[in-house]
Every structure is written in C-alpha cells, then in structure tokens.
1. From the set of residues in region 169-182 that are open to solvent by less than 50 Å² (accessible area, probe 1.4 Å) and among the aliphatic types (A, V, I, L, M), which is nearest to the chain's Cα centre (by Cα)?
2. Across region 148-187, what is the number of residues that are charged (D, E, K, R) and closer than 28 Å to LEU47 by Cβ?
3. Test SER71 against the stated conditions and say whether it is polar (S, T, N, Q) and under 17 Å from VAL143 (Cβ atoms).
4. Take region 255-275 and flag every residue that is surrounded by fewer than 21 Cβ atoms within 10 Å (Cβ to Cβ), free of Cβ contacts under 8 Å to residues at least 60 places away in the same chain and closer than 21 Å to PHE136 by Cβ.
5. Hey, which of the helices (runs of 4 or more DSSP H) in region 208-323, taking only ones fully inside, have at least 1 residues that are modelled with pLDDT under 85?
6. Can we say PHE83 is at negative phi, open to solvent by less than 40 Å² (accessible area, probe 1.4 Å), assigned to a helix (DSSP H, G or I) and modelled with pLDDT of 80 or more?
7. Only one of ALA2, ALA105, ALA93, ALA100 is of a type in the set (A, V, I, L, M, F, W, C) and at pLDDT 80 or above. Can you tell me which?
8. If you go through region 51-80 one residue at a time, how many are at pLDDT 85 or above and open to solvent by less than 20 Å² (accessible area, probe 1.4 Å)?
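The values are calculated or read from the model by the stated rules, or taken from the named source; none is laboratory data. Keep in mind the model is a prediction, meaning the values are calculated, not measured. Heads up, the Cβs are rebuilt from the backbone with ideal geometry, glycines too, and the neighbour counts pull from every protein chain shown. With ligands, DNA and RNA removed, areas are computed over all heavy atoms of the protein, side chains included. Shrake-Rupley method; radii C 1.70, N 1.55, O 1.52, S 1.80 Å.
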Amino acid sequence: MAFRSASRLQATFHFLAGLSSGSTTAILLQPADLLKTRVQQSRSSTLSSIVRGILDGPHPVRQLWRGTAPSVVRTGMGSALYFGMLNQMRQYAARTSLAAGAGAAPSNTRSTSILPKISNSANLATGALARASAGFIMSPFTVLKVRYESSIYGYTSIMSATRHILSTEGIRGFFAGFGATAVRDAPYAGLYVLFYEGSKSRLQALSMPAVNLMPDELTSSGLAIKPTSSTMAASVNFASGAFAAVGATAVTNPFDAIKTRLQLMPGKYGNMIRAAKLMLREEGVRSLFDGLALRMGRKAISSALAWTVYEELIRRAEARLPV
C-alpha cells in the first residue's frame, strides 16, 4: 500500500515538473515561436521584414507575445502529459526485456540523471509514443496557437478563434495538420531522447570518474542519483538537451513546415502529401526548411531548459519521496 502511494506521488511529481518546465519555456520563448509561424506561413515573408513590421507597429512587445495564452496551455499541459507518460513508459521498459539492450547504462556509476537507464531502442520508442500521444490530446490548442500567432487570421480572442473554427470547419478543424504533427513529433521526440541520453552518458564520462556506489546511495529502483555536484549535473543536462534538440530539429523540420501550412490553410493544402507537393512545386525545396534557424534556436534553448528544470525538480522531489 505504501509502495503504491509512493508510486502515485512520484507520478504526480513528474506531471507537475513537466507542467512547470513547459510553462516557463513557453512564456520566455513565445516571440521565437511567433516569428517562426510568420516565416513559415509564406515564402514571401522574410524574418527581417516580419520583425520590422512588428517593431514599427503599435504595441510591439504585446505583438511579440501574441498567442502566449494558448502556447502556455499547449506547451505546459503538453509537457506535463509528455513527461508523465514518458516516465511511466520508461519505468515499464526498465522492468521488461525491452531495457536489456546494449544501450542500457550500468546502474553502478554516478549519473547526472534520476531517470531510468534503458536501451537505445527503448529510448527511441518511448519518446516517440509519449510525444505522439500528448500531441493528439493537445492538438486543438496547437491549432489555436498557430492561427492566433499568424497574420492570416484577425482573431481578437481565444474564444473568437474557437467559435470561428467550430462554425467553419467543425471539430475536425481542431485536428488540422495532426498527421504532419505526429510525423514530425514522434521521430523528433524519439531521436531527442536517444540523442539526449547518449550525449549525457558521454559528457558525464568526460566530466566525472566512474565510481561504485554503496546500496544506501541508490534510489529504491536501483538508480544512481548522486552526481559530483548539482551544478555539474545541470550543466551536463543543459548541454545534452541543446545538442539533442539541434540534431532532432534538423531532421524533422520539413514536417513542421508542412504542419504549419495545413493548420493555417487546410482548404488549400488538404493533406500532408498534397501540401508537400504544392510547396515543392510553387516554392521549391527551401520552403520545407522555412523557419529552420528559428526553430533550431528555440528548440535548443527550450528543450535544454525544460529538461534541465524537469530533471532538477524531480531530483529534489525524489530525495523527499518515501521509499
């Protein structure tokens, strides 16, 4: 009974840590998200012209943070769902044969992470599945966020945007572009977790010697949580998060560009394949990489910050959880 209670408490901590990290990054990095959406909505728009237009217009600061409310809901709740589901999936994978691959790290070494060490294939699969599931649940907020950020729709409030989508497109309108979103997010998240854990293993091997820990220095799941210092752990986690985000973003950006077009103009682009053909025919290959630099920079900072905050909050919570 005590174990079950501790397990529920642990799951709650993972959910709340994800909510906190996601909301923080959404607020701080909203201008980058807005600029990416504006760049991706049309090849005729350049970053410099968009920035000048916003800065020369009324209330530039407010305009740069336009869409923050749906972004915080989407990113905060999305991160909470993602981290909560990812933790449960990784805990399950660690207890099954899925975790027995060569990618699993030994549990008798110091680590910057309190998360389960599982195989490369398990990291890839759990990251992809957790992100796709969270993305589906949060799809309506994603559509609202993207349309509110764009200059195509003159929405004055989230409620007016909601009513307009319902009246013109019905419920399906809130899931516009989900196919492209899933194709983007699932591999992105899977690759991200894979790169993140691999980078952490290499960086911590360079920054701290392997040390055998005594049983009382391990968590109840047998995982080492005692790094050389909390500063070193945060540094390793942040650097690993940035590296993983850059790599995964570069691979998946075409799907992000397609997703944005589908969410903004579903009538014109129809579906993922038609959108890709239209974009290639009308605007060339470069249209698939619109917003890459902005997305890469935003993802590097947001993912590194979110995972560092998440792991640090969980580390502190784990130290207080009943065993």
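1. That would be ALA182.
2. The initial filter retains those residues of region 148-187 that are charged (D, E, K, R), namely 149, 163, 169, 172, 184-185.
Imposing the further condition that a residue be closer than 28 Å to LEU47 by Cβ reduces the set to 149, 184-185.
Total satisfying the criteria: 3.
3. Details: polar (S, T, N, Q): yes; under 17 Å from VAL143 (Cβ atoms): yes.
Spelling it out, SER71 is indeed polar (S, T, N, Q) and under 17 Å from VAL143 (Cβ atoms).
4. Listed by number, the residues that qualify are GLY270, ILE273.
5. Answer list for region 208-323: 230-264, 292-320.
6. Working: at negative phi: yes; open to solvent by less than 40 Å² (accessible area, probe 1.4 Å): yes; assigned to a helix (DSSP H, G or I): yes; modelled with pLDDT of 80 or more: yes.
Criteria met by PHE83.
7. ALA93
8. The total comes to 5.
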